[in-house]
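Q: Quick one: the structure is below, and I'll ask about it shortly.
The values are calculated or read from the model by the stated rules, or taken from the named source; none is laboratory data. Quick caveat, the model's predicted, so the values are computed rather than measured. Ideal geometry is used to build each Cβ from the backbone, glycine not excepted, and the neighbour counts take in all protein chains shown. These accessible areas exclude ligands, DNA and RNA; they are computed on the full protein's heavy atoms, side chains included. Shrake-Rupley method; radii C 1.70, N 1.55, O 1.52, S 1.80 Å.
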Amino acid sequence: MAVTILAIESSCDDTSVAIIRDGYVLSNLIANQDIHMLYGGVVPELASRAHQANIVPVTHQALLKAGVNAENIDAVAFTRGPGLLGSLLVGTSFAKGFAIAQNIPLIEVNHLQAHVLAHFILEKDKDNRLPSFPFLCLLVSGGHTRIIIMKNQLDMEVIGNTIDDAAGEAFDKCGKIMGFSYPAGPLIDKLASEGNMNAFRFSKPHVKGLDFSFSGLKTSFLYFLRDRLKEDPDFIEHNKADLCASLQHTIVSILVGKIAKASLQTGIREIGIAGGVSANSGLRAEMKNEAEKSNWNLFIPEFRFTTDNAAMIGITGYFKYLRGEFSGHDVTPLARY
Ligand code: KG4
Ligand code: ZN
């Protein structure tokens, strides 16, 4: 019998609902919240209100697009955390209501685990090449930067972590210094393609082992611009593309350097990237270079499965469903998971 999961993601500023059947995506809808652009970052209270407004219509559309009725859903998977508490509450409460109404099981999902499991989403008419285990994954998002060993779909070990900012924060905070709106990562990526990555040099941190640090880079970027702006008040405007290319190159080489080190240490050459920053074209290109040099079997998810989406919650929910890992209705969201 086919297993059909309704999945809900509401951890930050995107309301997403997906329908997954036997691991295949039937629909994956995302309602973005543009309101935060006015404030230079996500405003938690506004995010939860927008989730409240979006969740019913997005679910309705996801069911329509998949051609599935609510009565045909076998379980509801939802993001329990980590994320913004108010936002998570909306998704959690809606998931509970849906599960009660249809009398079906509820499955809590860890958002970070789901980013990694995005590698296992199946699509109709695609070759669906899947990693084998153990699988080494660089998880780079707005809130986290980790190196993870996946032993099987639901067993993961974190072997590297950021000691301060995440890679996405490095993009967003440096973008903010240049006057870009939030999130700055995609714009930096776009401008970087027109710039010279060797135009400026920013110092890289020396962090031992497999851990990361990005707060020093942000500070050195700030001081560098402060000095240059004294000489030329239009320095940023005149050098935008080169600044973005050099900054992106620095962040990418820190990330690729550490995953390469992790591969050498563990002997694992089955390698992937996940999370919002894995949409970055510089990171994708550099990972492909390194994969050729070091003979990696490299996995890079489709763009739409890298940033926050419910399909990744659905695939994680599907694996948990197969194992009978369900949650009680007393489950509460967790800002830290
Ligand atoms: O995984 P995600 O969608 O949300 C979190 O769980 O945090 O990641 C969002 C982060 C933001 O910091 C955003 O600037 C970054 O991913 N991002 C990018 C790109 N697209 C999204 N960073 C660099 N280049 C991109 N193309
Ligand atoms: Zn995320």
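Q: In the Gaussian network model of the chain, springs joining C-alpha atoms below 10 Å, which of V25, V207, V116 carries the largest mean-square fluctuation?
A: Maximum among the listed residues: V207.
Q: Picking from E71, E231, E292, which is most flexible by a Gaussian network model of the chain using Cα springs under 10 Å?
A: Greatest mean-square fluctuation among the candidates belongs to E231.
Q: Using only the Cα atoms of region 187-272, construct the convex hull and provide its projected area averaged over every direction, in square nanometres to one decimal.
A: Reported value for the Cα convex hull: 6.5 nm².
Q: Sort out the exposed loop trypsin sites (Lys or Arg not before Pro) in the chain (DSSP loop, at most 13 other Cβ within 10 Å) and tell me the longest stretch that has none.
A: So the longest stretch without any such site is 1-123.
Q: Run the helix sum for the chain: -39,500 (n - 2.57) per DSSP H stretch of 4+ residues, divided by residue count, reported at 222 nm to the nearest 500 deg cm²/dmol.
A: Value at 222 nm, helices only, nearest 500: -14000 deg cm²/dmol.
Q: With just the Cα atoms defining each centre, how far is region 122-154 from region 192-215? Give it in Å.
A: Measuring centre to centre over Cα atoms gives 24 Å.
Q: Let me ask another. When we measure straight from the Cα of K293, which aspartates and glutamates land under 18 angstrom away, once same-chain ones fewer than 8 places off are left out?
A: Within the straight-line cut-off, K293 pairs with E270.
Q: Of all beta bridges DSSP finds with both residues in the chain, what is the antiparallel percent, to the nearest 5?
A: Looking only at bridges with both residues in the chain, the antiparallel portion is about 60 percent.
Q: On a 1.4 Å probe surface of the protein chains, which of I268, I159 comes out largest in accessible area, and what is the full order?
A: These residues rank, largest area first, as I159, I268.
Q: Rank N239, L46, V76 by how far each Cα sits towards the positive end of the charge dipole of the chain (+1 on Lys, Arg Cβ; -1 on Asp, Glu Cβ) and give me just the farthest.
A: Looking along the dipole axis, the top candidate is N239.
Q: From zero up to wherever the largest Cα-Cα distance of the chain sits, split into 10 Å bins and tell me the percent of pairs in each.
A: 6, 26, 32, 24, 10, 2, 0
Q: Using Cα centres only, tell me the gap between region 255-310 and region 1-51 in whole Å.
A: Distance between centres, Cα-based: 24 Å.
Q: A follow-up question, please. Between F299 and residues 5 or more places away or on another chain, which pairs have amide H atoms under 5 Å apart, with H built 1.01 Å from N, and which residues are they?
A: Here the answer is I271, G272, I273, since their amide H atoms fall under 5 Å of that of F299.
Q: Which aspartates and glutamates, if any, have their Cα less than 17 Å from the Cα of K320, not counting same-chain residues under 8 positions apart?
A: Result set, ordered by chain and number: E9, D22, D74, E108, D155.
Q: Sticking with this structure for a sec: Which residue, V256, V109, V90, tops the fluctuation ranking in a GNM of the chain built on C-alpha contacts under 10 Å?
A: Of the options given, V256 has the highest mean-square fluctuation.
Q: Can I ask one more? Too long at a 24 Å Cα-Cα cut-off: which of K173/K258; K173/K204; K176/K261?
A: K176/K261
Q: Here is a follow-up. Considering only region 135-300, what is the antiparallel percent among its DSSP beta bridges, to the nearest 5?
A: In region 135-300, approximately 60 percent of DSSP beta bridges are antiparallel ones.
Q: Here's something else I'd like to know. Note the full-extension length gain between L64 and N196 as 0.36 nm times their separation in residues minus their Cα-Cα distance, in nm to one decimal. Mind dumping the intermediate values first?
A: Values: separation 132, 0.36 × 132 = 47.52 nm, distance 4.62 nm.
Here the segment from L64 to N196 would lengthen by 42.9 nm.
Q: Express as a percent, rounded to the nearest 5, the fraction of DSSP beta bridges in region 1-141 (both residues included) that run antiparallel.
A: Roughly 60 percent of the DSSP beta bridges within region 1-141 come out antiparallel.
Q: Another question, then. Provide the three semi-axes, in whole Å and in decreasing order, of the ellipsoid equivalent to region 135-300 as defined by the square roots of 5 times the Cα gyration tensor eigenvalues. Please list the in-between numbers first.
A: Details: eigenvalues 174, 46, 37 Å².
They are 29, 15, 14 Å, listed from largest to smallest.
Q: In the full protein assembly as shown, how much of S181 is accessible to a 1.4 Å probe, in Å² to the nearest 10?
A: Solvent-accessible area, nearest 10 Å²: 60 Å².
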